[in-house]
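Quick notes on the structure that follows.
The values are calculated or read from the model by the stated rules, or taken from the named source; none is laboratory data. Because the structure is predicted, anything quoted here is derived from the model rather than measured. Here Cβ is always computed from backbone atoms with ideal geometry, including for glycine, and neighbour counts include all displayed protein chains.
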Ligand SMILES: Cc1ncc(C[n+]2csc(CCOP(=O)(O)OP(=O)(O)O)c2C)c(N)n1
């Protein structure tokens with residue numbers, strides 16, 4: 001199986017395992033495979049699938065977390081995407097919002113565009129980079145059980161966390177969606193505006 005060696009987990013399994021925990025959090029994903037996978041589990045108005053702007057899901061999550069400090073924000077990032085915006089880690093660390101959980105699904109490849117290997121396939125360690133940037137909580141997990149436990153711990157800690165989940169390089173065969181970018185954008189904005197005071201899950 002391609003992807004991170006030694007991992008038993010697919011991203012879809014990982015997402016499925018924590019889907020019930022997403023609750024009222026503002027959830028932001030990168031484009032492509034992970035967006036399609038989350039959507040396949042059931043779209044909700046508090047999910048936003050960031051198209052085109054590769055690398056900037058964590059930056060969008062940072063803005064949301066700062067703008068709505070009483071809401072949990074969860075970002076589903078990818079290794080290739082984060083590698084395009086490593087400086088974003090330093091900005092996350094600088095502002096350090098307690099309500100931001102930054103999950104990086106590391107399949108060691110650009111899966112959505114053909115599976116070219118990324119630098120994590122040759123040893124670059126994204127959790128270590130996040131820690132070096134100043135992110136106060138970081139971890140790397142390789143099993144579904146460890147992933148669920150790490151998500152629970154991060155949400156309970158109420159501390160900015162970058163959680164790297166090593167996953168197999170598998171995804172859906174197509175990324176076609178009936179939900180247009182604009183519809184998703186307006187729905188998400190309405191959700192954030194009209195449910196502005198939803199408490200952070202504890
Ligand atoms: C600026 C920019 N460069 C390239 C692309 C094309 N692109 C879309 S998804 C993707 C790969 C994303 O890789 P990763 O974050 O590792 O996620 P994965 O596809 O493996 O789930 C690329 C290169 C893009 N959309 N925008």
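Points worth noting:
- Of all residues making up the stretch 23-38, the number that are surrounded by fewer than 22 Cβ atoms within 10 Å (Cβ to Cβ) and within 13 Å of the ligand (Cβ to nearest atom): 3
- Filtered by the rule that a residue be in contact with a helix residue (DSSP H, G or I) (Cβ under 9 Å, 6 or more places away or on another chain), at negative phi and either surrounded by fewer than 16 Cβ atoms within 10 Å (Cβ to Cβ) or part of a helix (DSSP H, G or I) (or both), the stretch 134-169 gives 136, 144, 145, 147, 148, 151, 152, 155.
- Every test in (1) over 13 Å from the mean Cα position of the chain (by Cα); (2) at pLDDT 95 or above; (3) within 11 Å of the ligand (Cβ to nearest atom) is passed by residue 20 save one, and that test is (3).
- Residue check, residue 53 farther than 27 Å from residue 123 by Cβ, part of a loop (DSSP other than H, G, I, E, B) and near the ligand (Cβ under 9 Å from one of its atoms): yes
- Flag if residue 94 is in a helix (DSSP H, G or I), over 21 Å from residue 173 (Cβ atoms) and more than 9 Å from the ligand (Cβ to nearest atom): yes
- Within the stretch 107-128, not a single residue is away from the ligand (no atom under 16 Å from the Cβ), farther than 28 Å from residue 172 by Cα, surrounded by fewer than 24 Cβ atoms within 10 Å (Cβ to Cβ) and within 16 Å of the chain's Cα centre (by Cα).
- Which numbered condition residue 189 fails, given (1) closer than 21 Å to residue 47 by Cβ; (2) without any contact (Cβ under 8 Å) to a residue 40 or more places away in the chain; (3) touching a strand residue (DSSP E or B) at 6+ places or on another chain (Cβ under 6 Å): (3)
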